[in-house]
1. Within a 10 angstrom radius of the beta carbon, how do Tyr172, Tyr158 rank from fewest other beta carbons to most?
2. Based on other C-beta atoms within 10 Å, arrange Ser137, Ser161, Ser89 from fewest to most.
3. Classify region 1-84 as rounded, prolate or oblate, taking a ≥ b ≥ c as the square roots of the eigenvalues of its Cα gyration tensor: rounded when a/c is under 1.5, otherwise prolate if a/b is larger than b/c and oblate if not.
4. Starting with the fewest neighbours, write out Val177, Val109 ranked by other beta-carbon atoms found within 10 Å of each beta-carbon.
5. What do you get for Rg/Rh of the chain when both radii come from the Cα atoms and Rh is the Kirkwood radius?
6. Would you kindly state how much longer the chain becomes between Asp72 and Glu103 on full extension, computed as 0.36 nm times their sequence separation minus their alpha carbon distance, in nm to one decimal?
7. Calculate, for Ala65 and Asp96, the FRET efficiency according to 1/(1 + (r/R0)^6) with r their C-beta to C-beta distance and R0 35 Å; round to the nearest 0.05.
8. So if R0 is 30 Å, what FRET efficiency would Ser89 and His125 give, r being the distance between their Cβ atoms, rounded to the nearest 0.05?
Amino acid sequence: MNDRTALVTGANKGIGKHIARLLAAEGFGVYVGSRDAGRGRQAAREIGGGARLLLLDVTDPDRIAAAAQRVDRLDVLVNNAGVAPSLASPTDTGLDDLRRTFETNVFGVVAVTNAFLPALRRSPHPRIVNVSSGTGSLTWSTHPNPQFAPGSGGAAAYRSSKAALNALTVLYARTLVEEGFKVNALAPGLRATDLNSRAAEAGGDPAEAARGAVRLALLPDDGPTGGFFSWDGTPVPW
């Protein structure tokens, strides 16, 4: 692997794959986190450079532990893996959908981050980027202008999971600040990916969002921590 290493979860497609490609172009040895070995290997081949598969299911503690044992030092962790199995309002959301969403979008982030902290602590400039969503902003969700609260109460499981992820971002940033970590959340915007059921009309380029994640991954030591930023670097209100 290269001198600098990065792990991107859910990197076999979508925004995660673009993040991995951009980090490889920056000279990182990139671990392509994927729960599907075949798709992960194919993505690593397409990314090229120092990319390699790291078999990783963020909902499986044993596979997380096994993956962490393979990584001695890590400079950047991008928690990108996410699911949105339901677009229902809270009154119509089943508990199974809620549990499945939080299992990946919240619990998975905590499990992976904590498992890879020893490797991150060996880096002189550790960075953690959590791929969140503007729909997780409580400020925007409670704004009287529908432009800032799209879908009213829809996608309750997904939106609440991203609000929880935002809270965890702040808590990790404050906990790890004295160790030189930079921990920030990204609002990638509406993108044409498999995660988004409105991908056809969204049309948003996932590579554009990926550039925002890489910007946070490459923050200098005097850069912000515990922040929530849009893909273009604009701060997003909590």
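No lab work stands behind these numbers, since they all come straight from the coordinates. Just so it is clear, the model here is predicted, and its values are computed rather than measured. Glycine also receives a Cβ, built like all others from the backbone with ideal geometry; neighbour counts cover every protein chain displayed.
1. Details: Tyr172 23, Tyr158 26.
Fewest-to-most Cβ neighbours within 10 Å comes out as Tyr172, Tyr158.
2. Values: Ser137 23, Ser161 27, Ser89 14.
So the residues, fewest neighbours to most, are Ser89, Ser137, Ser161.
3. Working: a/c = 1.58, a/b = 1.18, b/c = 1.33.
Judged from the Cα gyration tensor, region 1-84 comes out oblate (a/c at least 1.5, b/c at or above a/b).
4. Values: Val177 13, Val109 27.
Lowest to highest Cβ neighbour count: Val177, Val109.
5. Working: Rg = 16.6 Å, Rh = 17.6 Å.
Radius of gyration over Kirkwood radius for the chain works out to 0.95.
6. Values: separation 31, 0.36 × 31 = 11.16 nm, distance 2.60 nm.
Net length gain for the segment: 8.6 nm.
7. Details: r = 26 Å, r/R0 = 0.74.
That gives a FRET efficiency of 0.85.
8. Working: r = 42 Å, r/R0 = 1.42.
For Ser89 and His125, the calculated efficiency is 0.10.
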